[in-house]
Amino acid sequence: MDLVYRPRRLRRTAPIRGMVRETELSPRQLIYPIFVTEGKSVRDPIDSMPGQFRLSADEIVRECEELYSLGVGAVNLFGFSAVKDEVATKSYDPEGLVQNAIREIKGAVPDMCVQTDVALDPYTTHGHDGLVIDGEIVNDESVEVLCKMALSHAEAGVDWIAPSDMMDGRVGAIRKALDVQGFSHVGILAYSAKYASCFYGPFRGALQSAPSGHKKTYQMDPANAREAMREIALDLEEGADVVMIKPALAYLDVITRVREAFDAPIAAYNVSGEYAMVVSAAEKGLLDRDQAMMEMLTSIKRAGADMILTYFAKDAAAILRADFGSFK
Ligand code: PBG
């Protein structure tokens, strides 16, 4: 055959493949989500997410030390609150679970970038991200509580607030509340294009936060990509530092569209259902866990995400560390 361009020439050896590789993962751009629970020395396994645990603050500190030494510099905290009520009182308790965990991490690993999920669902009996009044998930009243929650995290020393509630106007309101109280250095990683997805199922199991009804009146319709662009633009106007697309795998096209249209840093959330699918298929011997994990994370990066929230952060970082300087 008389071929001028033979693509296989650049696939012959591992060093050659390495030189033309277009996408590299780095532990530095992985963010590990952690579930905070009460007590001491508690590592409570999460049935719906094999390999993940609800951890007490002292265990989280140990986890952060390990993550940091692997090059993972960021964690995202969720409270597993046993105390729930109609109005999410515990969400803004200065001595609450998440607030205390922030202080403990900052005391032990000061440079760890501590991020916190801001939404009311772990703290409400109805499991919604906002307040429910007369059967409706109300917007502006919810935003007031979210601002209180964000401020309590800022007072505890958080680096980035991550509002995941999808209420209108919350990024601007939180930005203002932080600035007025002297927290202009605290960043906002906005869950900007967050879809009403079944892939959050295992997470809701972990936090016992399954909602009564559904979240479709505030989370986005999975069919919409143009709407994601408007949500992203809106959150950036309101002061978001980083915008997020969530989930990741069924929404890679959205990540790419956002990457092409905006210069802001982009995060993608490789959510609990995406994690559970790989882990359970691997447990059954249907997939190679590590290869599936790395291929998935690489695809999210290739689509255009800068940083990835993933329950695989520690495992992927360990593999990346071992691979660094060798040829694959
Ligand atoms: C809460 C929240 C959810 C997730 C992150 N923050 C669940 C939901 O919106 O119902 C999902 C994370 C995951 O599935 O890994 N607002």
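The values are calculated or read from the model by the stated rules, or taken from the named source; none is laboratory data. Since the structure is predicted, the reported quantities are computational estimates derived from the model, not experimental observations. Cβ placement follows ideal geometry from the backbone for every residue including glycine, while neighbour counts extend to all protein chains displayed. Please note that ligands, DNA and RNA were not included when accessible areas were found on the heavy atoms of the full protein model with its side chains. Shrake-Rupley method; radii C 1.70, N 1.55, O 1.52, S 1.80 Å.
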Placing each pseudo-label 7 Å from Cα in the direction of the beta carbon, Val180 and Glu144 end up separated by a distance in nanometres of 1.2 nm
So how much accessible area does His214 have, in Å² to the nearest 10, using a 1.4 Å probe? 100 Å²
Accessible-area ranking of Lys148, Lys106, Lys40, largest first, probe 1.4 Å: Lys40, Lys148, Lys106
Given the options Lys194, Lys284, Lys176, state which has the largest fluctuation in a GNM of the chain using a 10 Å cut-off (strictly under) for Cα springs. Lys284
Between Cys113 and residues 5 or more places away or on another chain, which pairs have amide H atoms under 5 Å apart, with H built 1.01 Å from N, and which residues are they? Ala74, Val75
So which residue, out of Ile300, Ile137, Ile188, gets the largest mean-square fluctuation from a GNM of the chain using Cα contacts under 10 Å as springs? Ile137
Cα→Cβ-extended label distance, 7 Å offset, between Ala250 and Met19, nm: 4.3 nm
With every protein chain in place, the accessible area of Phe327 for a 1.4 Å probe, in Å² rounded to the nearest 10, comes to 140 Å²
Pick from Arg12, Arg302, Arg62: which residue has the top mean-square fluctuation in a GNM of the chain where Cα pairs under 10 Å get a spring? Arg12
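Hey, any idea what % of the range 23-321's accessible area is carbon plus sulfur with a 1.4 Å probe?
On the range 23-321, the fraction of accessible area on carbon and sulfur atoms equals 51 percent.
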What is the calculated FRET efficiency for Lys40 to Asp2, with r their C-beta to C-beta distance and R₀ = 45 Å, to the nearest 0.05? 0.05
What FRET efficiency comes out for Val87 versus Glu155 if R0 is 22 angstrom and r is the Cβ-Cβ distance? Round to the nearest 0.05. 0.60
Say R0 is 41 Å: what FRET efficiency, to the nearest 0.05, do Arg9 and Asp111 get from their beta-carbon distance? 0.40
Could you please put Asp47, Asp288 in sequence from largest to smallest accessible area, using a 1.4 Å probe? Asp47, Asp288
Near-label residues of the range 25-47 by backbone N, under 17 Å of a point 7 Å along Cα→Cβ of Asp306: 25-32
Residue-normalised value, i.e. accessible area per residue, for the range 55-190 at 1.4 Å probe, in Å², stands at 36 Å²
Can you pull a Stokes-Einstein diffusion coefficient for the chain at 20 °C (1.002 mPa s), Rh from Kirkwood over Cα pairs, as a whole number of µm²/s? 105 µm²/s
